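Novice: After the C-alpha cells below, expect a handful of questions from me.
The values are calculated or read from the model by the stated rules, or taken from the named source; none is laboratory data. What you see is a predicted model; the values in this text were computed from it and never measured. Cβ coordinates were reconstructed from backbone atoms using ideal geometry, including for glycine residues, and neighbour counts include every protein chain displayed.
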Amino acid sequence: MPQSLPTLCGSIMGSPFSLSAKIHNAAYAALGLDYTFVCFGVDDPVAAVAAIRALGVRGMNVSMPYKTAVIAHLDAIDEAAKVIGAVNTINNLDGVLTGYNTDYLGAVRALEEVCALHNKRVAVIGAGGAARAVVFGCLQAEAEVTVFNRSVERGAALAEDLGARWGGSIEAFAAESFDIVINATSVGFKQPQSNPLDGRLASHLIVMDVAFMPVHTALLLQAQALGCRTVAGTRMLVHQACRQIELYTGKPAPIDIMEQAMLQEIQRLKL
C-alpha cells in the first residue's frame, strides 16, 4: 500500500517565509503527527481560500496584507476576529472554514507570564492591525487601556471602536501614568537602532514589544537597562502559534520546542 499523504497546513504570505514553517513543523514532529506545513506565496487571497477547500488544507495562517481580505470568503468568523477585524488563522474542520485571530491571545498569554492584567494601566502604541489585537486582548483581560498613535485620526478611531481610552500622540505618553507599555507598531522590526519610546521609559514599567526581529529590540534593551521587566515579541509570536497548533491538531502545543525552533531560525536569518 502506498504511504498516505501528510495532513497539509500552511501560510499565506508571512515574511520571513521560513519562520512559521519551522515553528509548526517542530510542533508536529514533537506531537508525532503526520502533518506538513508549507508557506504559499500568493497574489490572490480569494483563490487561496478556494485552494484550501480544493486541497483540503487543514489549517492556514494568514499574514498581511490578507488578514481582512479573506474574511468575506470564509464560512464563519470567530467573535474575537470579528471585533478585531482581522483573521490570521483559518481552521478547516470537515470542510467548514472558520477564521480566528490568535494574535490577541498570543499577546495576553505572553503578558500574563509576567503579571495579571486585571486593572493594570496599559498604554498601547500604534493603531494598526497588531495594535487592534493587543488592545482587544488587554481589554478582554480587564486592563485599563489607553491608545497612543502618531496619526490622531487612526488612533482615536481605534480607541473609540474597541472601547479604549485615547491618549493622543506618542509624545503625550507619560510613564508615571501606566503599569505596562506595549509597542504595537512596526518601529523596531528589522530596525535594531529604532526605538519608538526612546527616553520615555521608567523603571517601574513592564515593557512589551510586538516586534520579534531582532529578539532584543532597541526598546527592550533600553527597558532592561533601566531595570524594567520586559516581554519580547518572540514570546507573543510563539503563544499565538500555540493557539494555531491547538486549533489544527486538537492537542496541547509543545511551546518549549516551538520556541527553540523559532529562535534558531531567527538566529539563522540574522546571519
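Novice: Buried (at least 22 other Cβ atoms within 10 Å of the Cβ), modelled with pLDDT of 95 or more and touching a Ser or Thr at 6+ places or on another chain (Cβ under 6 Å): which single residue out of Leu197, Leu220 fits that description?
Specialist: Numbers: Leu197 fails: touching a Ser or Thr at 6+ places or on another chain (Cβ under 6 Å).
None of the others qualify; the one that does is Leu220.
Novice: Let me ask something additional. Determine if region 29-42 includes at least one residue that is outside any helix (DSSP H, G or I) and buried (at least 21 other Cβ atoms within 10 Å of the Cβ).
Specialist: Yes, that holds for at least one residue.
Novice: Taking the residues in region 4-21 that are crowded, with 20+ Cβ neighbours inside 10 Å and within 13 Å of Gln264 (Cβ to Cβ) as candidates, determine which candidate is modelled with the highest pLDDT.
Specialist: Ala21
Novice: Hey, another quick one. Filter region 200-217 down to the residues that are farther than 14 Å from Ala123 by Cα and surrounded by 24 or more Cβ atoms within 10 Å (Cβ to Cβ), then identify the one that is nearest to the chain's Cα centre (by Cα).
Specialist: Ala211
Novice: Here are the criteria: (1) touching a strand residue (DSSP E or B) at 6+ places or on another chain (Cβ under 9 Å); (2) farther than 22 Å from Phe148 by Cβ; (3) in contact (Cβ under 8 Å) with a residue 12 or more places away in the chain; (4) not assigned by TED's automatic domain parsing to the domain that holds Val210. Tell me which single one Val46 does not satisfy.
Specialist: Result: Val46 passes all but (1).
Novice: If you don't mind, there's one more thing I want to ask. Consider Asp179 carefully, then state whether it is under 21 Å from Lys67 (Cα atoms), among the charged types (D, E, K, R) and modelled with pLDDT of 95 or more.
Specialist: No; evaluated as a whole, the condition is false for this residue.
Novice: Sort out which residues of region 161-174 are over 12 Å from Ala131 (Cβ atoms) and out of contact with any strand residue (DSSP E or B) (no Cβ under 7 Å at 6 or more places or on another chain), and write them in order of number.
Specialist: Gly163, Glu171, Ala174, listed by residue number.
Novice: Yes or no: region 128-148 includes at least one residue that is in contact (Cβ under 8 Å) with a residue 60 or more places away in the chain, part of a helix (DSSP H, G or I) and surrounded by 22 or more Cβ atoms within 10 Å (Cβ to Cβ).
Specialist: For region 128-148, residues in contact (Cβ under 8 Å) with a residue 60 or more places away in the chain, part of a helix (DSSP H, G or I) and surrounded by 22 or more Cβ atoms within 10 Å (Cβ to Cβ): present.
Novice: Right, something else. So, in region 200-256, exactly how many residues are hydrophobic (A, V, I, L, M, F, W, C), assigned to a strand (DSSP E or B) and in contact (Cβ under 8 Å) with a residue 40 or more places away in the chain?
Specialist: Going through region 200-256 one residue at a time, the tally reaches 3.
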